[in-house]
Amino acid sequence: MNKKLPGLLVILTGLMIVTSCQSSLTSSEPSEVNYSFSTPDVSIDPAWPTTPVNEVTRLDFYSLNDFHGALEYNAASGEIGINRLATYFNLKQEANPDGTIILAAGDFFQGSADSNITRGRLMVDAMNLIGFDAMTIGNHEFDWGVEVIESNAERANFPLLSANIFEKQTGQLADFAIPYTMIDRAGVRIGIIGTIGSTLESSILTSNVIDYDFIPIGPIVEASATYLRSMGAKAIVLLNHDADVTSDVASYVDVVFNAHSHDTYKRLVSGTPVLQAAYNGKAVAHVQFEYTYATDELSLVTYENDTSLINQELGEDEAMAALYQQYLDEEINVIKNEVLGTASDYFSKAKLGDLAVKEMLSFGSTLGAQVAFHNTGGVRNTISQGTVTYGDIYKVFPFDNELMIVEVTGVQLKWWLNQGNYVAGANDFTMTLDGGVAIKDSQVYKIIAINYLTEKFLSDESQYPHNPATAINTFEYVRELIKDKWQDVGTLDPADYIG
């Protein structure tokens, strides 16, 4: 049953927010659109108790962030894996069956061969089995486009939340975005709001978010929290896919679970516990409250990050192991376990980045490219000495960024060389091409780069007044180039690469 309070739409200070994106958003061009947010009805289940069942209800909130499809157990990296994680949460639910809440702060579906090959389906099925209550959308949920977000949302038994993703054309909340949800624990209602950092559009492939703006979260969180409290919420959670929150945002809610920066911290901000718990399942954030019915008070008991998961004697949950194995057998292992060759020694991220741009340039030179670029943030893992599989390459280069050939002027090429990316074919200190040839400002050069970089370059006309004459999509991936290289050579030596 949906309930809605009358007369709750108030401009700016009430439950409708109107904000212009001209000064505060990260779009490449200022927009004249006014974004309006009116609180949609929240679902209230008629089966919920009308009053708390217990005089004192203990509420245990658990949050994972930036799991990045780390389903496989990896003791050396401190990654617990999904089978043991299911056991961990089973134990928590058994310890407090009336008050356990399991949440996800974004970036779950993408990041490993297991999750990428299934486009997040395996991850959603695993989260359903554990019993997650809600998840906020992270920037990497956009890696395969909005259609995949919608498909995974339909598959999930929990809502995918985001209160601040708006359509540029209409000024309204995006169709796929649910701003908040309400759950019940033994008669205690809990509101959960989801947001994403207003600057994180820049961390997403431009073409995948070109129709959307991520607007500042403050007024929306305030409006959402006010509405949820009016509907009976005794505790408000903010799942915020961003590195931190401001003190005013924290003051609107009772707990904030952050994400994105892969940090581990806990602190009080405006009296509100704010936590982030590493990445890849290396830690779980935990906040405990007690709600007292007689006084209508919510009291903070503890807030902490459990960073000892890998050291706990956790067995594999049988149901989860069966689900995971089915996916491995039917879809994943035939791709992931393909042996490519060997690494004669340990490959650091820097050396793998240098390997990437060298292979990109070797491939791109056949199409006239003279310089290659790959962002440092797109190299996500290292490779140990020994046998190298396609799954290992997938963990290093998980993003499906296609390689583009783009024509640039010498001025633009110098700008590219100043961006801190991995480079092959030119020297970013001397501003010369390989061989010491000076880069001439007015001359046209061809570069090859991942489309995460080139799309941002091509879309920002105000910063780049010299429009490239051509932009050619090769429909090739750096991951595939490195796979081919390893298969051709057999053994690669990190000493042959810079880093």
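Taking region 145-201, which residues are part of a loop (DSSP other than H, G, I, E, B), under 17 Å from S63 (Cα atoms) and among the hydroxyl-bearing types (S, T, Y)? Within region 145-201, just S162 meets the criteria. Against the numbered list (1) under 22 Å from the mean Cα position of the chain (by Cα); (2) modelled with pLDDT of 95 or more; (3) closer than 29 Å to K282 by Cα, S202 comes up short only at (2). Checking region 412-433 against the condition returns no match, with no residue being assigned to a strand (DSSP E or B) and touching a Pro at 6+ places or on another chain (Cβ under 8 Å). On the given criteria, is E147 at pLDDT 95 or above, closer than 18 Å to V284 by Cα and among the acidic types (D, E)? The answer is no for E147. Scanning region 35-79 for residues that are closer than 23 Å to L129 by Cβ and assigned to a helix (DSSP H, G or I) returns a single hit, A75.
Listed here are the residues, each with its yes/no results for (1) surrounded by fewer than 16 Cβ atoms within 10 Å (Cβ to Cβ); (2) at pLDDT 95 or above; (3) acidic (D, E); (4) in contact with a His (Cβ under 8 Å, 6 or more places away or on another chain).
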position	(1), (2), (3), (4)
T13	yes, no, no, no
T19	no, no, no, no
T57	no, yes, no, no
R84	no, yes, no, no
I102	no, yes, no, no
A105	no, yes, no, yes
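Every test in (1) under 23 Å from T181 (Cβ atoms); (2) among the aliphatic types (A, V, I, L, M); (3) free of Cβ contacts under 8 Å to residues at least 60 places away in the same chain is passed by M231 save one, and that test is (3). In this structure, does I393 turn out to be modelled with pLDDT of 95 or more, among the β-branched types (V, I, T) and within 18 Å of K485 (Cβ to Cβ)? Yes; evaluated as a whole, the condition is true for this residue. Only one entry in D248, D244 is over 24 Å from Y279 (Cβ atoms), charged (D, E, K, R) and either at pLDDT 95 or above or surrounded by fewer than 21 Cβ atoms within 10 Å (Cβ to Cβ) (or both), namely D248. Contact map, region 378-390: first residue aromatic (F, W, Y), second residue crowded, with 20+ Cβ neighbours inside 10 Å and not in a loop (DSSP other than H, G, I, E, B), Cβ cut-off under 8 Å, separation 6 or more or different chains; pairs are Y390/A113; Y390/K336; Y390/L340; Y390/K483. Put simply, of N208, N157 the only residue that is touching a residue at least 12 places away in the same chain (Cβ under 8 Å) and more than 27 Å from V53 (Cβ to Cβ) is N208.
Give the residue that is surrounded by the most Cβ atoms within 10 Å (Cβ to Cβ), with candidates limited to residues of region 251-264 that are of a type in the set (V, I, T) and assigned to a strand (DSSP E or B). In this case the residue turns out to be V256.
Take the residues in region 180-194 that are among the charged types (D, E, K, R) and closer than 10 Å to A235 by Cβ; name whichever of them is surrounded by the fewest Cβ atoms within 10 Å (Cβ to Cβ). My answer is R189.
The residue that is nearest to V53 (Cα to Cα), counting only those in region 80-130 that are in contact with a Ser or Thr (Cβ under 7 Å, 6 or more places away or on another chain), in a helix (DSSP H, G or I) and touching a residue at least 40 places away in the same chain (Cβ under 8 Å), is M123.
Looking across region 274-300, the residues that are part of a strand (DSSP E or B), among the hydrophobic types (A, V, I, L, M, F, W, C) and either surrounded by fewer than 24 Cβ atoms within 10 Å (Cβ to Cβ) or outside the structural domain of N65 (by TED's automatic domain parsing) (or both) come down to L298, L300. For region 404-427, a residue qualifies if it is of a type in the set (S, T, N, Q), crowded, with 20+ Cβ neighbours inside 10 Å and at pLDDT below 95, and the qualifying residues are T409, Q412. Candidates are the residues of region 131-144 that are more than 25 Å from I44 (Cβ to Cβ) and assigned to a loop (DSSP other than H, G, I, E, B); the one that is farthest from the chain's Cα centre (by Cα) is W144.
The values are calculated or read from the model by the stated rules, or taken from the named source; none is laboratory data. It should be emphasised that the depicted structure is a prediction, and the values quoted were computed from it without experimental measurement. Here the Cβ is made from the backbone with ideal geometry for all residues, glycine too, and neighbour counts use every protein chain on show.
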